[in-house]
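First comes the structure, then the notes that go with it.
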Amino acid sequence: MVEEYAYAEASAGGFWSWVGFFSLFSGTLFGLLSDKMGRKIGTYGPLRNGLTANYVTMPGMNPTYLVFNTGKVPKKVRQAFMYVLNQKLLVQNVYKGRSTAAPFMLPPAVFPGGPSAHAREAKNYPYELGKTDISKAKQLMSDAGYGPNNKYEMQFDGWETDAAKSMGNLLRDQLAAAYIDLKVQISPASTYWGRAAKGNFDVYLSGWGMTAKDPGGLMTVVAPSHTVIGSKSAIEYADWKGTAAAKRANADWQTVQDNPKPTDAQKAKRDKAFVDMEKANWEDVAFVPLIYNKIEQFSYDWADVPLPGYIGKPFYRFNHSSVKQGGDRPS
């Protein structure tokens with residue numbers, strides 16, 4: 001782990017001690033089968049009460065991502081950050097396996113062409129989801145004028161959750177090997193969003209809850225014209241502007257706006273534009289896709305509960321749930 005993930009030896013030991021700690025509370029998944037919506041259905045247990053639960057999981061539509069201040073953090077530093085970042089390690093360490101590593105802002109369920117196209121296009125991801133490449137990161141930082149005695153100082157802003165704190169600390173430990181000195185600041189989201197709106201940030205943690213299977217619902221956030229600090233149309237504050245990639249992404253977003261009809265021809269134009277926007281973001285690293293949520297549901301045999309759908313909790317109601325007679329129940 002010290003070599004593969006660029007941990008200090010003490011940090012690596014700490015990671016594995018936490019893995020051991022969490023395993024005390026984990027059950028085991030059995031007999032997972034998939035349906036046409038990608039839901040995997042099986043059982044999970046034993047739980048701490050000794051019982052086994054029915055378990056359903058499926059890919060969600062809510063991405064978690066980072067937003068860089070592109071007007072402040074140099075592009076080579078942002079790219080070096082990406083070579084150090086390992087989303088699969090975040091999934092294991094921070095989210096305990098209950099999420100999926102993200103190469104794109106758009107999750108598989110809403111990606112143009114669906115999950116298979118998502119997987120196919122992800123093969124072109126330039127930074128590799130499951131790998132930390134310190135040598136490439138160090139080369140970029142050296143090219144930008146930084147080194148072991150002249151590290152780039154940057155602040156990570158995250159909201160008040162254990163996951164955000166763990167993520168920040170993990171990134172801090174890894175980035176140190178690539179001449180980046182990351183300070184971790186955990187505060188209420190409203191606090192750092194207020195600073196972000198004024199451009200007083202380096203990189204902050206954010207996310208988006210999609211309410212429909214429409215790529216445009218998320219890509220409106222990524223559109224560079226909606227990221228300009230001080231603009232009334234800003235949704236996030238990447239301040240992504242002035243580069244060739246930003247201009248292409250803005251043109252792609254205009255293509256989306258110019259082709260709103262549900263015809264095959266216009267949908268094809270929108271789909272191509274969405275994918276091109278994602279690749280423009282790869283180039284400039286304005287947004288950093290981290291993970292997609294997993295929708296999970298646990299229930300006992302004596303509870304008759306409908307299966308979840310793509311959107312998950314925001315619109316999920318138990319109006320048609322019922323309790324059956326018999327079955328093992330918690331004492």
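Between His320 and Gln254, the C-beta separation translates, for a Förster distance of 35 Å, into a calculated FRET efficiency of about 0.20. Summing +1 for each Lys or Arg and -1 for each Asp or Glu among the other residues whose beta-carbon sits under 11 angstrom from that of Ala80 gives +3. Enumerate the residues in region 293-308 having an amide nitrogen under 19 Å from the point lying 7 Å beyond the Cα of Ala119 toward its Cβ. Only 293-295 fall inside the zone, counting backbone N under 19 Å. For region 257-262, backbone phi angles converted through the Karplus equation (6.51, -1.76, 1.60; θ = phi - 60°) give residue-by-residue couplings of 5, 7, 10, x, 6, x Hz, Gly and Pro being listed as x. Taking the centroid of alpha carbons for each part, region 120-173 and region 230-285 are 25 Å apart. Summary of packing: across the peptides 115-128, 293-306, the per-residue average of other C-beta atoms within 10 Å ranks them, highest first, as 293-306, 115-128.
With 18 Å as the limit on Cα-Cα distance, the pairs of Lys76/Lys138; Lys151/Lys241; Lys123/Lys269; Lys75/Lys247; Lys72/Lys151 that go past it are Lys151/Lys241; Lys123/Lys269. For Asp181, the residues 5 or more places off, or on other chains, whose built amide H falls under 5 Å of its own are Tyr152, Glu153, Met154. The modelled label-to-label distance for the pair Leu47/Thr191, using points 7 Å beyond Cα in the direction of Cβ, is 3.5 nm. Each of Ala212 and Asn54 was given a label point 7 Å from its Cα along the Cα-to-Cβ line. The distance between the two points is 3.2 nm.
On the beta carbon distance between Lys232 and Thr161, with R0 = 22 Å, the FRET formula returns roughly 0.15. So, how do all the Cα-to-Cα distances of region 128-286 break down into 5 Å bins, in percent, from 0 on up? Here the calculated profile for region 128-286 is 2, 8, 13, 16, 18, 18, 13, 7, 4, 2, 0, 0.
Antiparallel beta bridges, as assigned by DSSP with both residues in region 135-254, represent about 10 percent of the total such bridges. The lysines within cross-link reach of Lys267, meaning a Cα-to-Cα straight distance under 20 Å and a gap of 8 or more places when in the same chain, are Lys213, Lys279.
Every number here is computed from the coordinates shown, using simple stated rules; none is lab data. Treat the numbers as computed from the prediction; the structure is a model and nothing was measured. Positions of Cβ are backbone-derived with ideal geometry, glycine not excepted, and every protein chain shown enters the neighbour counts.
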